[in-house]
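The values are calculated or read from the model by the stated rules, or taken from the named source; none is laboratory data. Note that the structure is a prediction, hence the values are computed from the model and not measured. All Cβ positions, even for glycine, are placed from backbone atoms using ideal geometry, and neighbour counts span all protein chains on display.
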């Protein structure tokens, strides 16, 4: 018996060590320097240098991520890699110093990001399975690219401007762009930590403690004070409020997010889930049908529409939705949802997709 236990222990340790050997922690650093001109302030110079250092670190990280097996297996495009890298990895400022001369001071910033290949692989896999999460990352990446173009143009205009009044106007515009970039950074920091936990249906998310939720709420509320039109921050804050049990505040933030961008399906889905949880099934269905029109093959909305029809006692409609869900090959990625769907189809007296095929064959 002891020999068998020892053999089992050796096998377990060998498995753990082999898994650890496959995982890798990669540290990536990048520097950025900004030479102050006549119209620059030290505060804005630092903000610009910080944004550039973070951007360079993420670009280097993206190049490394492209070489990973999971990326090659998924055949991700460069744009997809860029969106995932920016949305998953966190950057931090590790050093800054002033140099140059008294007349032309220069500020230098070093940024760092850490890549845990195990965590990265798991998160990329989850985003690939969730159409709406993937869309949010890609939209954020496009917005950040546009903000960088605006910042570069304003920095160029500011350095060439001779008129003091026009230089002040340009600085005001530059401040607005930098504020938006910084707000997006803070939102992404919360997103990277919370998005996997907020993913619906497949049970992959981790439980969030009250301290995590409180800290995230404070950060997102601060973001919205400086950037009230940040839809992604409102959507995330709604999710945090919902986890905290404040459903009224969650609904308020989701509706505010939808006023900013009414055609974004992700807040509509979240609002539908919130309304369903609060027993407002007919209202929830309207949200699910809106998402379904935009994303007819989204499995999450198909499943939750089926659940809502079941709550309303409309079994025939529920079975239609659950059979759509079960027939889709991707549903195997959601075992808990599949199990619920199969049970409800049985309860409603419907035929499972597999049984229908066997009956036709007989």
Please work out which one of (1) at pLDDT below 85; (2) surrounded by fewer than 19 Cβ atoms within 10 Å (Cβ to Cβ); (3) in contact with a helix residue (DSSP H, G or I) (Cβ under 8 Å, 6 or more places away or on another chain) is the condition residue 209 fails and give its number.
(3)
Meets criteria (under 30 Å from residue 232 (Cα atoms), modelled with pLDDT of 95 or more and surrounded by fewer than 18 Cβ atoms within 10 Å (Cβ to Cβ)) for residue 283
yes
Run down 296, 267, 262 and say which single residue is within 25 Å of the chain's Cα centre (by Cα) and part of a helix (DSSP H, G or I).
267
Under the condition of being assigned to a helix (DSSP H, G or I), more than 21 Å from residue 265 (Cβ to Cβ) and without any contact (Cβ under 8 Å) to a residue 60 or more places away in the chain, which residue from region 75-110 is nearest to the chain's Cα centre (by Cα)?
85
Of those in region 155-167 that are in a helix (DSSP H, G or I) and surrounded by 12 or more Cβ atoms within 10 Å (Cβ to Cβ), the residue nearest to the chain's Cα centre (by Cα) is 155
Output yes when any residue across region 111-122 is in contact (Cβ under 8 Å) with a residue 12 or more places away in the chain, within 30 Å of residue 268 (Cα to Cα) and not in a helix (DSSP H, G or I), and no when none is.
no
Contact list, first residue from region 238-251 and within 10 Å of residue 217 (Cα to Cα), second anywhere and modelled with pLDDT of 95 or more and surrounded by fewer than 21 Cβ atoms within 10 Å (Cβ to Cβ), beta-carbon distance below 7 Å, six or more apart or interchain, is 241/249
